[in-house]
Amino acid sequence: VGVIISFLVRQSDEQRLGQEREDEAKLSDAIKQLDERCYGDERCFAADECSICLGRYEADDKVRRLKCGHEYHSECIEQWARCKGLDAACPLCTRPLFPPRTCAPPIVSSQSAPAITML
């Protein structure tokens with residue numbers, strides 16, 4: 001019995017680690033999709049300071065622009081996203097950083113459900 005429990009625990013740990021690796025890969029890919037530019041670039045409209053670290057932007061700092069329009073130091077928003085995971089949201093307006101995860105469609109049985117008659 002102890003061997004079976006040990007096996008099941010180990011198998012569960014391996015599945016959890018596999019899922020964590022998969023989520024990390026998805027998160028890395030999603031972060032790379034965020035628009036990145038240099039502070040001072042004419043396309044960069046960032047305020048004077050990063051709202052995450054409260055540090056002032058310096059010339060040529062890497063800044064990432066979110067879909068909501070807010071901009072942060074690339075390093076700051078990447079760390080924020082890694083801390084929050086795939087459900088991360090903009091620190092200012094809480095708009096999701098990444099598209100929502102999709103769930104597998106429900107399994108539909110080929111047999112129809114029994115009818116329920118109400119009296």
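The values are calculated or read from the model by the stated rules, or taken from the named source; none is laboratory data. Note that the structure is predicted; figures quoted are calculated from it, not measured. Just so you know, the surface numbers come from the protein's heavy atoms only, side chains and all, with ligands and any DNA or RNA stripped out. Shrake-Rupley method; radii C 1.70, N 1.55, O 1.52, S 1.80 Å.
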(request) List every residue whose amide H lies under 5 Å from the amide H of CYS90, counting only residues 5 or more places away in sequence or on a different chain, with H placed 1.01 Å from N in the peptide plane. (result) ARG95, LEU97
(request) Subtracting the Cα-Cα distance from 0.36 nm times the residue separation, let me have the gained length for GLU22 to LYS67 in nm, one decimal. (result) 13.8 nm
(message) Using only the heavy atoms of the protein chains and a 1.4 Å probe, how would LEU97, LEU17 rank by accessible area, largest first?
(response) LEU17, LEU97
(message) Heavy atoms of the protein only, probe of 1.4 Å, neighbouring chains included. What is the accessible area of ARG95 in Å², nearest 10?
(response) 110 Å²
(message) As a test of reading the structure, rank SER51, SER28 by solvent-accessible area (1.4 Å probe, protein chains only), most first.
(response) SER51, SER28
